[in-house]
Number of protein chains: 2
Amino acid sequence: MLENKDPQRTPIDQLGEFALIDHLTKHFDIKHKSTIKSIGDDAAVLDFESKKVVVSTDLLIEGVHFDLGYAPLKHLGYKAVVVNISDICAMNANPTQITVSIAVSNRFPLEALEELYEGIRLASKFYNVDVIGGDTTSSTSGLIISITAIGEANEEEIVYRDGAKDTDLLVVTGDLGAAYMGLQVLEREKQVFLVNPNNQPDLDDYTYLIERQLKPEARKDIKELLEKLEVKPTAMIDISDGLSSEIFHLTKSSKVGCNVYEEKLPLDPQLINVCEEFNLDSTTIAINGGEDYELLFTIKMSDYDKIKANPHLNVIGHIVPENEGVHIITRENTKIPLKARGWSAISKDEDE
Amino acid sequence: MLENKDPQRTPIDQLGEFALIDHLTKHFDIKHKSTIKSIGDDAAVLDFESKKVVVSTDLLIEGVHFDLGYAPLKHLGYKAVVVNISDICAMNANPTQITVSIAVSNRFPLEALEELYEGIRLASKFYNVDVIGGDTTSSTSGLIISITAIGEANEEEIVYRDGAKDTDLLVVTGDLGAAYMGLQVLEREKQVFLVNPNNQPDLDDYTYLIERQLKPEARKDIKELLEKLEVKPTAMIDISDGLSSEIFHLTKSSKVGCNVYEEKLPLDPQLINVCEEFNLDSTTIAINGGEDYELLFTIKMSDYDKIKANPHLNVIGHIVPENEGVHIITRENTKIPLKARGWSAISKDEDE
């Protein structure tokens, strides 16, 4: 993929570590007054005045979290930022700064890193965050990306996982499962390509799913939306590993149970079509498929009228006392215990 | 090494990602009131009140930054924290929190990660920092450690690289070159071990050098020392890549030149002995050897009397105008241009 796209290949060891950072970040501008000193010293210096500081970090490893066989480097850079910003959004905070460290083997030319950083730059522009530091180093194997995201919020704005109470409503933003099915489509096309490299895939029926996988977005808009609606969530988490897994984190932290209604799960029509094509159950995909980066939160039942008309927000269930457990109510009105499984569990199910 | 030391081998995939983090960090306590929420939510929440926040990040890769053939995992965990705290100290700030992300392949049993985290715990205790977050993931190859360190300081305390002025004195803490020579000793012993695994190395003559390599310390004490002496550095940087490299960062940022005096370079007697044994020039090692994690800073000439009697602080030169360049004055009073080279340059010199 690299060879075709980019005939120029400058070995990265022509530049030193510091020249490389300078080169890759020269088009990165500073947007926040809280960023006093960015890249170029032993550490960045930030000023949050009276606000609270929110910090999250993620490590992305080639061959574990991404496959450069179908993830273009620009998309990968963008997604690496999104994944981290999503965690800041899940605290109901505003993302403000990120640090980006990468390790790469010599098989990556400078032009490949420029692609990666272009994606990082685009995401930092879209999400209005400053890239304030990082580290570049060589790797003995593939590409490694480590990002730390920093955000700010007033104390009373911050939402933890542990605040859900009995009778609260369970709300999810956007729709579920599309990123996972996008990955299935890409995996299939990769296999087709390996058999016949001249095959030109027709992906028109899968554009939404593929975009959800390759270029997901963090729900930075939800904080502002909820403020406008005058609703403060009682607990919140982002959906990175899959709805069921996140529901278990939230209910465990809050010491509550919950009922989720299958018919309320928000599914995109394209997801439903492609699940049929792949002979997969769309509910299973929506529950266990990961990487949606939507937000899952609880609100007081009395806030229901404020959110019910909003197309971004879907009430999918309600909180119950802890001893009642965590269940899904099927379309046939059967109550089944929900299992805490990430998306890696789906393929295991198929093997069973 | 792992097999001999630790007969118990629990596969890490027996635990999930979250259970693994919980297990590894269960003995980590919170020391700072600025840490409002630590591990266990989407992000940590911190409160620095009116203080400025200082952030630095580093990525350590097996086979590039460390060799598990001679670096015990506990020492490695300790050193990974130290390397990052050193950057915070170099801003004249107090380290307060760190995040720790690791990627490991299945060849590491749980007991190995416990060793690594014990080193991280010891360092976080010694340096009084809270471990507030992180990520654990699988790796397709070796061990990867990514640490982000956070510190706090009052605005007027922070020292950047760019404040050095003509006639300022150039000061270095501790002594130089020992960590690099410790690495040479360990490399030699590893080769001996590979030839004859029954050979018991006698390392008594190298204890200081080996400790400097395997268990370096960050100069967290210097901020307090300088406060007591009522001296504020005009510019500061930590010595991770070697004195010459750091001098070039500092002088370039400050737009100045400098003269360094060979006879003033602080060398431990053990370093001098072992350089003779290895037939290496101790000045070259002191200038280009990395990983000392000492601090290099400049002070106003008028502050000289305040620091001259302190055994931790060594004046090694002085700042000159930028157009005069960066030189070393040898013991024979010859003025030679200093080259900006890290410690990797030493072995290249030998090949020439």
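The values are calculated or read from the model by the stated rules, or taken from the named source; none is laboratory data. Given the structure is predicted, the values throughout are model-derived calculations rather than measurements. Cβ sites come from the backbone with ideal geometry, for glycine too, and all protein chains shown count toward neighbours.
So here's what we get for this one:
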| item | result |
| --- | --- |
| Positions within the stretch A:160-202 being outside any helix (DSSP H, G or I) and touching a Leu at 6+ places or on another chain (Cβ under 9 Å), in sequence order | A:Ala164, A:Leu170, A:Val171, A:Val172, A:Thr173, A:Gly174, A:Asp175, A:Leu176, A:Gly177 |
| Residue in the stretch B:166-177 that is outside the structural domain of B:Ala123 (by TED's automatic domain parsing) and free of Cβ contacts under 8 Å to residues at least 60 places away in the same chain present | no |
| Pick from the stretch A:86-133, criterion without any contact (Cβ under 8 Å) to a residue 60 or more places away in the chain and assigned to a loop (DSSP other than H, G, I, E, B), ranking: farthest from the other protein chains (Cβ to nearest Cβ) | A:Arg107 |
| Restricting the stretch A:12-30 to residues that are outside any helix (DSSP H, G or I) and among the charged types (D, E, K, R), the residue that is modelled with the lowest pLDDT | A:Lys26 |
| Of all residues making up the stretch A:134-148, the number that are over 23 Å from A:Thr96 (Cβ atoms) and facing chain B (nearest Cβ under 7 Å) | 7 |
| Number of the exception - A:Arg188 against (1) more than 14 Å from every other protein chain (Cβ to nearest Cβ); (2) surrounded by 19 or more Cβ atoms within 10 Å (Cβ to Cβ); (3) more than 30 Å from A:Pro233 (Cα to Cα) | (2) |
| Exclusive hit being within 14 Å of another protein chain (Cβ to nearest Cβ) and either within 19 Å of the chain's Cα centre (by Cα) or hydrophobic (A, V, I, L, M, F, W, C) (or both), set A:Ile237, A:Ile287 | A:Ile237 |
| Answer residue from the stretch B:298-323, given it is of a type in the set (Lys, Arg) and either in a loop (DSSP other than H, G, I, E, B) or without any contact (Cβ under 8 Å) to a residue 12 or more places away in the chain (or both) and is farthest from B:Pro337 (Cα to Cα) among those | B:Lys308 |
| Matching residues in the stretch A:192-251 - criterion: being touching a Gly at 6+ places or on another chain (Cβ under 8 Å), under 18 Å from A:Gly69 (Cα atoms) and among the acidic types (Asp, Glu) | A:Glu211 |
| Hey, B:Leu250 of a type outside the set (Ser, Thr, Tyr) and closer than 27 Å to B:Val185 by Cα or not | no |
| Matching residues, the stretch A:51-74, being more than 7 Å from every other protein chain (Cβ to nearest Cβ), out of contact with any Lys or Arg (no Cβ under 7 Å at 6 or more places or on another chain) and surrounded by fewer than 17 Cβ atoms within 10 Å (Cβ to Cβ) | A:Asp67, A:Leu68 |
| A:Val81 being of a type in the set (Val, Ile, Thr) and away from chain B (no Cβ under 14 Å) | yes |
| Within the stretch A:120-132, tally of residues that are closer than 15 Å to A:Ile144 by Cα and in contact with a His (Cβ under 9 Å, 6 or more places away or on another chain) | 0 |
| Meets criteria (closer than 24 Å to B:Asn94 by Cα and at pLDDT 95 or above) for B:Asp221 | yes |
| Meets criteria (on the phi > 0 side of the Ramachandran plot and either in contact (Cβ under 8 Å) with a residue 60 or more places away in the chain or in contact with an Asp or Glu (Cβ under 8 Å, 6 or more places away or on another chain) (or both)) for B:Tyr208 | no |
| Single match in B:Ala218, B:Ala164, B:Ala178 (criterion: within 12 Å of chain A (Cβ to nearest Cβ) and among the hydrophobic types (A, V, I, L, M, F, W, C)) | B:Ala218 |
| Enumerated helices (runs of 4 or more DSSP H) restricted to the stretch A:218-297, each holding at least 1 residues that are hydroxyl-bearing (Ser, Thr, Tyr) and farther than 20 Å from A:His312 by Cβ | A:243-254, A:282-288 |
| Hits in the stretch A:19-50 - residues which are crowded, with 19+ Cβ neighbours inside 10 Å and within 7 Å of chain B (Cβ to nearest Cβ) | A:Lys37, A:Asp41, A:Asp42, A:Ala43, A:Ala44, A:Val45, A:Leu46, A:Phe48 |
| Residues satisfying the stated conditions in the stretch B:223-271, i.e. free of Cβ contacts under 8 Å to residues at least 60 places away in the same chain and surrounded by fewer than 24 Cβ atoms within 10 Å (Cβ to Cβ) | B:Glu224, B:Glu227, B:Lys228, B:Lys252, B:Lys264, B:Pro269 |
| Boolean, A:Val159 is over 22 Å from A:His65 (Cα atoms), in contact (Cβ under 8 Å) with a residue 60 or more places away in the chain and of a type in the set (Val, Ile, Thr) | yes |
| Count of the stretch A:155-168 residues which are over 14 Å from A:Asn92 (Cα atoms) and surrounded by 23 or more Cβ atoms within 10 Å (Cβ to Cβ) | 2 |
| Residue list for the stretch B:45-85, filter: over 29 Å from A:Val54 (Cα atoms), outside any helix (DSSP H, G or I) and of a type outside the set (A, V, I, L, M, F, W, C) | B:Glu62, B:Gly63, B:His65, B:Asp67, B:Gly69, B:Tyr70, B:Pro72 |
| Selection from the stretch A:151-161 of residues that are of a type in the set (Val, Ile, Thr) and within 7 Å of chain B (Cβ to nearest Cβ) | A:Ile158 |
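Residue-wise test of (1) modelled with pLDDT of 95 or more; (2) surrounded by 19 or more Cβ atoms within 10 Å (Cβ to Cβ).
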site: B:Glu276; (1), (2): yes, no
site: B:Leu280; (1), (2): yes, yes
site: B:Ala286; (1), (2): yes, yes
site: B:Asp292; (1), (2): yes, yes
site: B:Thr298; (1), (2): yes, yes
site: B:Tyr304; (1), (2): yes, no
site: B:Ala309; (1), (2): no, no
site: B:Val320; (1), (2): yes, no
